[in-house]
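Trainee: Here it is: the structure, laid out below.
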Amino acid sequence: MGISSLRINGQRLQTTLEDMAKIGATPGGGVQRLALSNEDKQARDLFVQWLQDLGLEVTKDEMGNIFGKRRGKLDNLPPVVSGSHLDSQPKGGRFDGALGVLGALEALRTLNENDIDTIRPIIVVNWTNEEGTRFAPDMMGSGVWTGALDKDWVYQRTDINGIPVIEELERIGYRGKTSATKWPIHIYYEYHIEQGPILERNNKLIGIPRGIVSLLWFDIYIEGEANQVGPTPMEGRHDALCAAAEMILKVDQLPRKRGGNLVATVGAIHNYPNSRNIIPDKVHFTVDIRSWDDLHALNAWNNLKREFKVIAERRGCSIHIEETSRVEHAQFDQRLVQLVSDTAQTLAYSSHSMVSGAGHDASYINQIASTAMIFVPSIGGRSHVEVENTSWMDCEAGANVLLHCILKSANETG
Ligand code: GLV
Ligand code: MN
Ligand code: MN
């Protein structure tokens, strides 16, 4: 059989994804595998087992990133690396992240069973805490590994219960000994669901991202004054929740006001003491701003920040703002993007050029190595929800594109 007719095993990929989706399965058909939770540990254990079953050399680094290496004929050449993440959102979907990790695993299973050797080694990777929902920021594992984030700072980041990353890494047994420091990568591919409606709307099978938008994350802490709700007159109150409410609407209005390519969201809020008959004195909420245009996003934020301060002052509250994450937009290597597009065409799959509005570890890896992504359609454009879905046929098609991209890159000598 010629290499060009090589195809992944769609049924095996489906079974593997279904087996993984049992870990942290939610009643609504999704998964909950928060980073470094017991479910994340179980998912990692299963993944490591699968890597070992394939005879790969498994490494866990001090950030808990897991690498499975398949040797190359010239094993010292920089490898082709592919993967994504196994952690999920609370009540997240079965495909976000898992498809990229297990799609790469399936590509290696296909190479193994067909006795196909490549010149370069190939590495499958599971990056730690891509989602950033339990511990912020997101893309922690790849961020530290590439040098964009400081390991000791990241280790001390805490969840809502005050538990630091380092403790949870230790507890689940994934604080490896190997340094979480970058080494040369020849090419990085990340296979992922689109998480938006564009492919479905355009009736296209393979999405070819030119890059990923910039991501700005902020944590806003407002402090007012608590009091009994009944006897305290409305005048003169310092209600932290009302201040937050005004600010949140400003976030929602920001994209319409500023125009251009911009989305802005408040996704998490904590109100204290959260009792119906106490005026709230502390509120913490998050702000997420994304744009292809880094400067546009930054200017919009600066404008928003000024509005926040005016609101806080008018309501007699103090405000503290933490910049939790700033990731510049990633523009992928155009030659590699073209290679993905050509590969889809050779396989007779329709494709569509686009930009990723979702964040991915590929953003950080793109800062140190030639990177590209492969998208497949999200049914109804839904993601980060339990009903997140992609047809098995589409999962198979995307994995075939990944397989052939990996093969081409892994046989390059230069
Ligand atoms: C990651 O899933 C993100 O886009 O926030
Ligand atoms: Mn993802
Ligand atoms: Mn996600």
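The values are calculated or read from the model by the stated rules, or taken from the named source; none is laboratory data. These figures come from a predicted structure and were not determined experimentally. Cβ coordinates were reconstructed from backbone atoms using ideal geometry, including for glycine residues, and neighbour counts include every protein chain displayed. To get the accessible areas, we keep the full protein, side chains included, count just its heavy atoms, and leave off ligands, DNA and RNA. Shrake-Rupley method; radii C 1.70, N 1.55, O 1.52, S 1.80 Å.
Trainee: Just need a number here: residues in the range 103-143 that are of a type in the set (Lys, Arg) and away from ligand 1 (no atom under 15 Å from the Cβ).
Mentor: Residues meeting the conditions: 2.
Trainee: For the range 336-365: of the residues being open to solvent by 10 Å² or more (accessible area, probe 1.4 Å) and in contact with a His (Cβ under 8 Å, 6 or more places away or on another chain), which is nearest to ligand 3 (Cβ to nearest atom)?
Mentor: Within the range 336-365, the match that is nearest to ligand 3 (Cβ to nearest atom) is ALA358.
Trainee: Here's another thing I want to ask about it. Give the residue, chosen from ASP40, ASP87, that is in contact with a helix residue (DSSP H, G or I) (Cβ under 7 Å, 6 or more places away or on another chain), charged (D, E, K, R) and within 16 Å of GLY173 (Cβ to Cβ).
Mentor: ASP87
Trainee: Then there is this: If the requirement is being within 16 Å of ligand 3 (Cβ to nearest atom) and either in contact with a Lys or Arg (Cβ under 7 Å, 6 or more places away or on another chain) or without any contact (Cβ under 8 Å) to a residue 24 or more places away in the chain (or both), which of these qualifies: ALA180, ALA136?
Mentor: ALA136 is the lone residue from the list that is within 16 Å of ligand 3 (Cβ to nearest atom) and either in contact with a Lys or Arg (Cβ under 7 Å, 6 or more places away or on another chain) or without any contact (Cβ under 8 Å) to a residue 24 or more places away in the chain (or both).
Trainee: Those residues that are touching a residue at least 40 places away in the same chain (Cβ under 8 Å), within 17 Å of ALA104 (Cα to Cα) and open to solvent by 10 Å² or more (accessible area, probe 1.4 Å), I need them from the range 19-67; list them, please.
Mentor: ALA21, TRP50, LEU54, GLY55, LEU56, THR59, PHE67
Trainee: Restricting attention to the range 278-289, does a residue exist that is within 16 Å of ligand 2 (Cβ to nearest atom) and open to solvent by less than 40 Å² (accessible area, probe 1.4 Å)?
Mentor: Yes, the range 278-289 contains a residue that is within 16 Å of ligand 2 (Cβ to nearest atom) and open to solvent by less than 40 Å² (accessible area, probe 1.4 Å).
Trainee: Of all residues in the range 120-179, count the ones that are more than 21 Å from VAL80 (Cβ to Cβ), open to solvent by 10 Å² or more (accessible area, probe 1.4 Å) and hydroxyl-bearing (Ser, Thr, Tyr).
Mentor: Number satisfying all stated conditions: 3.
Trainee: Given the conditions (1) of a type outside the set (A, V, I, L, M, F, W, C); (2) crowded, with 18+ Cβ neighbours inside 10 Å; (3) within 16 Å of ligand 1 (Cβ to nearest atom), and given that PRO90 satisfies all but one, which numbered condition is not satisfied?
Mentor: Tallying (1) of a type outside the set (A, V, I, L, M, F, W, C); (2) crowded, with 18+ Cβ neighbours inside 10 Å; (3) within 16 Å of ligand 1 (Cβ to nearest atom), PRO90 fails exactly one: (2).
Trainee: Just to check your reading of the model, which residue among SER88, SER82 is of a type in the set (S, T, N, Q) and either assigned to a helix (DSSP H, G or I) or within 16 Å of ligand 3 (Cβ to nearest atom) (or both)?
Mentor: Being of a type in the set (S, T, N, Q) and either assigned to a helix (DSSP H, G or I) or within 16 Å of ligand 3 (Cβ to nearest atom) (or both) holds for just one of SER88, SER82, which is SER88.
Trainee: How do the pairs read when you match residues in the range 87-110 that are farther than 20 Å from LEU6 by Cα with residues anywhere that are within 16 Å of ligand 1 (Cβ to nearest atom) and modelled with pLDDT under 95, using Cβ under 9 Å and keeping only pairs 6 or more apart or on different chains?
Mentor: Pairs found: none.
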